[in-house]
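To start, the structure itself, in structure tokens.
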Amino acid sequence: MDKALTSSRTKKGGIFPPGLFSIWAMLQAVVWLIGLSIFASLIFIPSTGLLVFWNMLIPVAPALLVLGTGIWRNICPLATTTLLPRHWHVSRRKKMSVALQGRLQLAAVLALFGIVPLRHILFNRSGPSTALLLSVLASTGFVMGIFFDWKSGWCSSLCPVHPVEKLYGGNPVYSFANAHCTQCVNCSIPCPDSTPNFRPAMAARNYSQRLAGWLITGGLPGFIWGWFHVSDQPGRSGRADLLQAYAMPLAGLLVTLCLYMLLKTVVHKTHERQLSGIFAASGVSCYYWYRIPALLGFGPYSGDGLLISLRDVIPSWSATALALCTTLFFFWWLLVRKPSQKSWVIRPPYAPRTTQ
Ligand code: SF4
């Protein structure tokens, strides 16, 4: 057996026992503490917290989901929190039905599309509100973790980031050790972590899962495009402001979703992977097309999404050139490159039937 594979199978273990001193456990602890610091700064020094969370951490996330989904699945601080009941052996370890998984996966997509537009009128400029949002997500995941086994309660069902992981993480370059599950109990079918070249269409066992897959694959590129055409409107929460925050993202979502559904009917099933890759690459490329200029001070809405203004330092075309490079790169990574036949992480040994 491949030596690297064997060694990575033996080096697993969550943040707390077992495997307290493994590399992954230490990474989980460090990232969790960084997450906690950001959370505290959102409350006590909101200007810093907002800058770090929305303009440093979040802009890195889509690229990380494309390039190293398995790394994120292993060290995400929210995942670490929601899996604590399982690591601490206080979870009831219920088996979730595929029907419920489907409904929760659909809810995750709807939550993503429901929450993100609120950044413009609330979260982008309010540290305490962002902290409250994170608390609600973490608490919900923690409670789900008390009832359901491993990642079925949150990471592979209700987490609003998970639909994006499934779309962007379709061609991983390396399978990492699974740093959470000590034994596989088939908690999620199919397991997104352990299935090679996983994409939303692979989880289509019921109508909810199919609908969730169509919405995220077809709708996300347009949703992102629309989102970047709305400026921040902090402190405004009237009906007209809400309408403004949601109108463009949802209109964009509808357009690319219709396009996707149309293409699905004419593209043969054997090319489903390529179709999914086109929409995945379009989504992440669209994100950086607008995000990179905004981070460097060249965005259309002054101050929105700004990390550091380089307006007087570099010409504006260099930000566009950088964005163009990322577009070419993501299309190559997700579409042109051969399917890697790798999963995000390596499935741990199956648990004996009696312990499932
Ligand atoms: S590896 Fe097994 S136990 Fe872990 S998330 Fe996947 S299906 Fe669940």
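Reported count of residues in region 259-278, each being in contact (Cβ under 8 Å) with a residue 40 or more places away in the chain and more than 23 Å from PRO339 (Cβ to Cβ), is 2. Mind listing just one residue for me: the one in region 100-114 that is without any contact (Cβ under 8 Å) to a residue 60 or more places away in the chain and within 16 Å of the ligand (Cβ to nearest atom) and, of those, nearest to ALA294 (Cα to Cα)? The qualifying residue nearest to ALA294 (Cα to Cα) is LEU104. Restricting region 161-188 to residues that are touching a Pro at 6+ places or on another chain (Cβ under 7 Å) and outside any helix (DSSP H, G or I), the residue that is farthest from the ligand (Cβ to nearest atom) is ASN171.
Restricting attention to region 128-160 and to residues that are of a type in the set (Ser, Thr, Tyr) and within 12 Å of the ligand (Cβ to nearest atom), the residue that is nearest to VAL345 (Cα to Cα) turns out to be SER156.
Restrict the check to region 189-199 and report whether at least one residue is of a type in the set (Lys, Arg), touching a residue at least 12 places away in the same chain (Cβ under 8 Å), farther than 20 Å from LEU335 by Cβ and assigned to a loop (DSSP other than H, G, I, E, B). Taking every residue of region 189-199 in turn, none turns out to be of a type in the set (Lys, Arg), touching a residue at least 12 places away in the same chain (Cβ under 8 Å), farther than 20 Å from LEU335 by Cβ and assigned to a loop (DSSP other than H, G, I, E, B).
Tell me whether region 316-336 contains one or more residues that are touching a Cys at 6+ places or on another chain (Cβ under 9 Å), surrounded by 14 or more Cβ atoms within 10 Å (Cβ to Cβ) and not polar (S, T, N, Q). So far as region 316-336 goes, no, none of its residues is touching a Cys at 6+ places or on another chain (Cβ under 9 Å), surrounded by 14 or more Cβ atoms within 10 Å (Cβ to Cβ) and not polar (S, T, N, Q). Every condition in (1) assigned to a helix (DSSP H, G or I); (2) touching a Lys or Arg at 6+ places or on another chain (Cβ under 7 Å); (3) within 16 Å of the ligand (Cβ to nearest atom) is met by SER208 except one, and the failing one is (3). Considering only residues that are assigned to a helix (DSSP H, G or I) and touching a residue at least 24 places away in the same chain (Cβ under 8 Å), which ones fall in region 115-133? Within region 115-133, ILE115, LEU118, ARG119, HIS120, ILE121, PHE123, ASN124, ARG125, GLY127, PRO128, THR130, ALA131 meet the criteria. Pairing each residue of region 322-343 that is under 22 Å from ALA294 (Cα atoms) with any residue that is among the polar types (S, T, N, Q), provided the two are 6+ apart or on different chains, yields C-beta distances under 7 Å for THR326/SER285; THR327/SER285; PHE330/SER285; PHE331/SER285.
Each value in this text was obtained by applying a stated rule to the coordinates, not by laboratory testing. All values derive from a computational prediction rather than experimental measurement. Quick reminder, even Gly has a Cβ in these numbers, built from the backbone with ideal geometry, and neighbours come from all protein chains shown.
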